[in-house]
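One structure below.
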Amino acid sequence: MGRWLDGRGRLVVHGGDGAERVTVPLEIATSYRARTKGLLGRDSVDGAMLLSPAGSVHTFRMRIPIDVAYLDRSLNVLAVHTMKPGRLGLPRLRSRHVLEAAAGAMSGWGIRAGARVTVERDLGGGEGG
């Protein structure tokens, strides 16, 4: 899988049980600065944000509730939770990446425990792979 750099790409949700795959715009945050800022100060989210590496998140100083998916190193979804502003998420064993999106979005994309996602980089956006 390699290591990404900050930038943009697409999140691909691989549907199980005959479901079609879903593609979502993705922001990739891998530097300390980008991970620390995350979705702070935003009133909405266009698609999703991937924090890597990350094992937990908080929603202090956030303006909106968010869905949080904890992913293992192979990008399998370990758990999904909706978090209101001002909360601290507990660290997840085996979590290597955290995916954030607007509250309610992930269920519509088919992201749930046991699902698998992949990341497609936008070429020319500076991401490593």
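The values are calculated or read from the model by the stated rules, or taken from the named source; none is laboratory data. As the structure is a computational prediction, the values presented were derived from the model and not from experiment. Every residue, glycine among them, receives a Cβ derived from its backbone with ideal geometry; neighbour counts consider all protein chains shown. Side chains are part of the model used for accessible areas, which takes the heavy atoms of the whole protein and leaves out ligands, DNA and RNA. Shrake-Rupley method; radii C 1.70, N 1.55, O 1.52, S 1.80 Å.
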**Yes/no for VAL12 being aliphatic (A, V, I, L, M), under 15 Å from THR118 (Cβ atoms) and part of a strand (DSSP E or B)** = yes
**Which numbered condition GLY15 fails, given (1) loosely packed, with under 15 Cβ neighbours inside 10 Å; (2) within 12 Å of the chain's Cα centre (by Cα)** = (2)
**Asked** Of GLY110, GLY86, which residue is open to solvent by less than 50 Å² (accessible area, probe 1.4 Å) and touching a Phe, Trp or Tyr at 6+ places or on another chain (Cβ under 9 Å)?
**Response** GLY86
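Considering only the range 29-47, how many residues are in contact with a helix residue (DSSP H, G or I) (Cβ under 8 Å, 6 or more places away or on another chain) and in contact (Cβ under 8 Å) with a residue 60 or more places away in the chain? Walk me through how you get there before you give the answer.
To start, the set of residues in the range 29-47 that are in contact with a helix residue (DSSP H, G or I) (Cβ under 8 Å, 6 or more places away or on another chain) comprises 29, 45.
From what's left, in contact (Cβ under 8 Å) with a residue 60 or more places away in the chain: 45.
Selection size over the range 29-47: 1.
For the range 42-86, please list each of the strands (runs of 3 or more DSSP E) lying entirely inside it that holds at least 3 residues being in contact with a strand residue (DSSP E or B) (Cβ under 6 Å, 6 or more places away or on another chain) and over 19 Å from PRO25 (Cα atoms). Give the steps one after another, and end with the answer.
Details: elements: 48-51, 66-71, 77-83.
Of the strands (runs of 3 or more DSSP E) lying wholly inside the range 42-86, those with at least 3 residues that are in contact with a strand residue (DSSP E or B) (Cβ under 6 Å, 6 or more places away or on another chain) and over 19 Å from PRO25 (Cα atoms) span 77-83.
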**Asked** So which of ASP72, ASP67 ends up being acidic (Asp, Glu), surrounded by 18 or more Cβ atoms within 10 Å (Cβ to Cβ) and within 24 Å of VAL13 (Cα to Cα)?
**Response** ASP67
**Prompt:** From the list SER95, SER44, which one is within 20 Å of TRP109 (Cβ to Cβ), of a type in the set (S, T, N, Q) and open to solvent by less than 40 Å² (accessible area, probe 1.4 Å)?
**Reply:** SER95
**Prompt:** Name the residues in the range 96-119 that are under 12 Å from the mean Cα position of the chain (by Cα) and of a type in the set (S, T, N, Q), would you?
**Reply:** THR118
